[in-house]
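Single-structure report; data block below.
The values are calculated or read from the model by the stated rules, or taken from the named source; none is laboratory data. Since the structure is predicted, the reported quantities are computational estimates derived from the model, not experimental observations. We place every Cβ from the backbone using ideal geometry, glycine too, and count neighbours over all the protein chains shown. Note: areas computed on protein heavy atoms with side chains; ligands, DNA, RNA excluded. Shrake-Rupley method; radii C 1.70, N 1.55, O 1.52, S 1.80 Å.
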Amino acid sequence: MAAAQLTVSSFSARSLLPSFDGLRISQAKISSVAPLRQCRSFRGLVVKAATVVAPKYTSLKPLGDRVLVKVKVAEKKTTGGILLPTTAQTKPQGGEVVAVGEGRSIGKKQVDISVKVGSEVVYSKYAGTEVEFDGSTHLILKDDDIVGILETDNVKDLKPLNDRVLIKVAAAEEITAGGLLLTEATKEKPSVGTVIAVGPGPLDEEGSRKAPSISPGNTVLYSKYAGNDFKGPDGSEYIALRASDVMAVLF
């Protein structure tokens, strides 16, 4: 069967889901998709979301408030040495900053990028545009899409940026009020946790930052489907989300 060509312009990737059984696209938006290469036959449809930069270009300079991040390679083995299939490998949410833009102007104030070249960062799960450059996968994303700086292997050391907040998730209840023991499948995902670290706050219309109204140590109730989930080396669960997704402080 001759291969067809697929041209995708700017639209939501979720609109593709009903058309292709079993195809899951993790990118929230696709700005450009390279046409499929001609082949004699194929069983499935392959969508190439990354933009490939020709080898003749040796450097890439982001503009404005954009940042170029070299994506961390996905783990291919578990800590116990078990080889993971491609479908089971965790999609990386972090990488190294390799280039930054000049920042942006807010009113009369010039606001610099909040990260520097060489920083190890964590970014929003569906942010940015994927680029194959210099033999590696990179992301071009906005400064505001960077969740925080992580200089160690432990997520509890994450330094949130902008209006982000790092929360240690409370343990799920194992027993109901009636005394019934809950299995992992029936435990409700908690929406309560303790604030570990708070970013400097969002920028206002004059380019100044306004500190969030919550502080480290607060026990908070947050929106159930917001943010990025992480697991620490000791099995503890964390979530990094925007301060606006925190709904209440519990006393």
inquiry  = Once you place label points 7 Å from the Cα toward the Cβ at Ala170 and Glu132, how far apart are they in nm?
reply    = 4.8
request  = Considering only protein heavy atoms, with the full assembly of protein chains and a 1.4 angstrom probe, order Lys125, Lys210 by accessible area, largest first.
outcome  = Lys210, Lys125
task = Find how much the distance from Val117 to Tyr225 grows on full extension, using 0.36 nm per residue of separation minus their present alpha carbon separation; answer in nm with one decimal.
result = 35.7 nm
key: Solvent exposure, largest accessible area first (probe 1.4 Å, DNA, RNA and ligands not counted), of Arg242, Arg164, Arg209   = Arg209, Arg242, Arg164
query = Each label point is 7 Å from the Cα along the Cα-to-Cβ direction; what then is the distance between the points at Met247 and Lys109, in nm?
reply = 3.2
Residue-wise HN-Hα coupling along the range 51-61, computed from phi with Karplus coefficients 6.51, -1.76, 1.60 (Hz; x: Gly, Pro) = 8, 9, 8, 4, x, 5, 8, 9, 9, 9, 10
ask   = Leaving out ligands, DNA and RNA but keeping every protein chain, what accessible area does Tyr123 have, in Å² rounded to the nearest 10, with a 1.4 Å probe?
value = 10
task = Go through the range 158-163 residue by residue and turn each phi into a ³J(HN,Hα) via Karplus (6.51, -1.76, 1.60, θ = phi - 60°); whole Hz please, and just put x for glycine and proline.
result = 4, 9, x, 10, 6, 9
task = Per residue of the range 214-228, in order, report the coupling 6.51 cos²θ - 1.76 cosθ + 1.60 (Karplus, θ = phi - 60°) as ³J(HN,Hα) in whole Hz, putting x for Gly and Pro.
result = 10, 10, x, x, 5, 8, 10, 10, 10, 4, 5, 10, 9, x, 10
